[in-house]
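Structure first, then comments.
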Amino acid sequence: MARFRPMNRIEEGKGSRNVARFDEDGTAVHLQQEDSPQPITFTFDRVFNPRSLQSEVYEYAAKPLIEDLFQGYYATVFAYGQTGSGKTFTMEGVAPREPADAASESVDELGGGEDLRGVIPRAVEHIFDITQANSELTEFKVTVQYAEIYMERIRDLLDRSGTKNNLEIRVDPARGVYIEGATEVVVKRDGELKKVLSRGSHKRHVSATGMNEESSRSHAICMISVAQKDRMDLTVKTGKLFLVDLAGSEMVSKTGATDQRLEEAKQINKSLSALGNVIKALTDGKSSYIPYRDSKLTRILQDSLGGGSRASLIIACSPASYNYTETVSTLRFGTRAKFIKYKPRVHVGYGGNEMDSLLEKKEQELAALREQVHLMSQEVKGVIAANAAYKKVYGAPPVIRADQPPGMSMPEKLDFAVQTCRALLREVGAIRQEAGLCRRASAEVEKHLREERMIFSQLRSDVSKVALKTISGSGGGDDRLGGEAVVKDVEGIDKILAMAKWKVEGILKKMKPLAMAAGASEVAAKKSAEMAHLALRKCLDGA
Ligand SMILES: Nc1ncnc2c1ncn2[C@@H]1O[C@H](COP(=O)(O)OP(=O)(O)OP(=O)(O)O)[C@@H](O)[C@H]1O
Ligand SMILES: [Mg+2]
């Protein structure tokens, strides 16, 4: 988005006229120099005109990002623009007057009694409003780091020792890009955080130039980290908010920079052109290399620029003809930056002891799952064995085609196949049981038959003995075996035969239902096997 400030005294003193015209809907600005035939139009998600309020800018440019911060995203708000264009005013704003200041130069002159606090104090207040409203369910830890890049050196603005003036940038897979050794202050209330930030802000390099009485000579980066632990599931989300007030680009002829101011201006312009090159490489669609390493600024903001963080870029502009050229080039930079593709990611993890207990719980769950997998693999082995049996009977199964069965998704097909295999296994089990019963029944019948055969052979030998006696007796042989004895023997044989007949009838009676049962089992087994065969073929064929 772009924000235009009101014309200032320097510009009025140069006889400037207003070159910016704003569309009613707040999305376009038209810039026209007196001598140019037609205006140049720039469109953004939002264009704030010089009458826009600090609260409006905050609501649109930063508030949604604070909400993202609590979802565990990294978020960045940048202010970019030429020197004196209103970056620091937008980011820091003007603190409300203390009663003792009332008589001194009035800041209210600027806003006519408006609350002139900028994005940073509003964001701080908003963050603590959210933490307080949710403290029952969530435990929060808010920490802050504040650093400036001055003359290509990173200086810790919260360092009390005064020694951290040249810190290094490091990259860590878990933390992302960070400043090694930067002071991190834990804050519990918004007042506390504001005090820390105001202390840091006062340490920042600021000087008067021909363009701005309080010109920022460094890029300032304030990092507010919000870690929130869910008291129920113990997850820890860590969102980070980067609030960046860049130093402004400057034309040395206008700022009148000499000596140290000139050296500062050179470094500022150099790092801003590195920023421009990174944005160009990110958006031109053909660069495979992004020159983040060309400046400390681009290295620190690597994550925010590269799309890993949600970002709001506020292009600060002057509406005066005196700064027309710079305003056009600043807006061109903003137009290019619109094309950066953001792919923000949530930063969720676990912390401390809770992490250990959670890990233990997860490991137990994992062990139970492993057991389940083992059982399932046994089951699968069973299915494979059943399939081998199937193959023996019905030959090779048809090949599964990925597009079948029609109308079913692949997971549905697999589910169907598993269900079918289970049904098949049940059928096979039932068939085996029935076959076992039949085997036992026929073994019993055979045992009976063997017994009866023995009885018959015994009978046969008895009968033949008696017959032999009878024949020899009637042929004038042994008198002791007369007619009476033969009759007795024959009667005995009759009895034995009657008994044998009765036994055979008994056996036949027993065998009949057994034979019927065996027949019925055979039919049922055949039917079941056919059904199982059909089910499997349906599953594999998708028919
Ligand atoms: N929207 C605004 N309304 C009123 N005054 C503003 C506005 N924006 C900026 N100013 C005033 O303009 C002056 C310059 O603004 P500021 O210091 O924010 O510029 P800057 O972009 O930070 O410049 P530098 O790059 O030099 O740091 C300040 O006095 C500031 O109060
Ligand atoms: Mg500034």
What tally of residues in the stretch 219-261 results from selecting those that are within 9 Å of ligand 1 (Cβ to nearest atom) and either of a type outside the set (Val, Ile, Thr) or not assigned by TED's automatic domain parsing to the domain that holds Ser312 (or both)? 6
For the stretch 309-329, the count of residues that are more than 13 Å from Gly84 (Cα to Cα) and part of a helix (DSSP H, G or I) equals 5
Out of (1) farther than 30 Å from Ile290 by Cβ; (2) surrounded by fewer than 17 Cβ atoms within 10 Å (Cβ to Cβ); (3) without any contact (Cβ under 8 Å) to a residue 60 or more places away in the chain; (4) not polar (S, T, N, Q), the one Arg261 does not meet is (2)
Assess whether Phe44 counts as being within 30 Å of the chain's Cα centre (by Cα) and among the hydrophobic types (A, V, I, L, M, F, W, C). no
I'd like the residue in the stretch 64-95 that is closer than 19 Å to Ala316 by Cβ and among the hydroxyl-bearing types (Ser, Thr, Tyr) and, out of all such residues, is farthest from ligand 1 (Cβ to nearest atom). Thr76
Tell me, please, whether a residue that is of a type in the set (Ser, Thr, Tyr) and out of contact with any helix residue (DSSP H, G or I) (no Cβ under 9 Å at 6 or more places or on another chain) can be found in the stretch 253-260. yes
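For every residue, the table says whether it meets (1) closer than 30 Å to Lys229 by Cβ; (2) outside the structural domain of Arg293 (by TED's automatic domain parsing); (3) surrounded by fewer than 14 Cβ atoms within 10 Å (Cβ to Cβ); (4) hydrophobic (A, V, I, L, M, F, W, C).
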position	(1), (2), (3), (4)
Phe128	yes, no, no, yes
Glu139	yes, no, no, no
Arg160	yes, no, yes, no
Asp172	yes, no, yes, no
Taking the options Gly26, Gly13, name whichever one is farther than 30 Å from Thr131 by Cα, more than 16 Å from ligand 2 (Cβ to nearest atom), without any contact (Cβ under 8 Å) to a residue 40 or more places away in the chain and within 39 Å of the chain's Cα centre (by Cα). Gly26
On the basis of being free of Cβ contacts under 8 Å to residues at least 12 places away in the same chain and away from ligand 1 (no atom under 16 Å from the Cβ), does Asp294 make the cut? no
Taking the condition of being of a type in the set (S, T, N, Q) and in a strand (DSSP E or B), how many residues in the stretch 144-190 meet it? 1
Answer yes or no: is there a residue in the stretch 181-193 that is closer than 24 Å to Leu275 by Cβ and of a type in the set (S, T, N, Q). no
Is it the case that Ala61 is assigned by TED's automatic domain parsing to the domain that holds Glu139 and surrounded by 24 or more Cβ atoms within 10 Å (Cβ to Cβ)? no
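The values are calculated or read from the model by the stated rules, or taken from the named source; none is laboratory data. Values in this document were obtained by computation on a predicted structure and should not be read as measured data. Quick reminder, even Gly has a Cβ in these numbers, built from the backbone with ideal geometry, and neighbours come from all protein chains shown.
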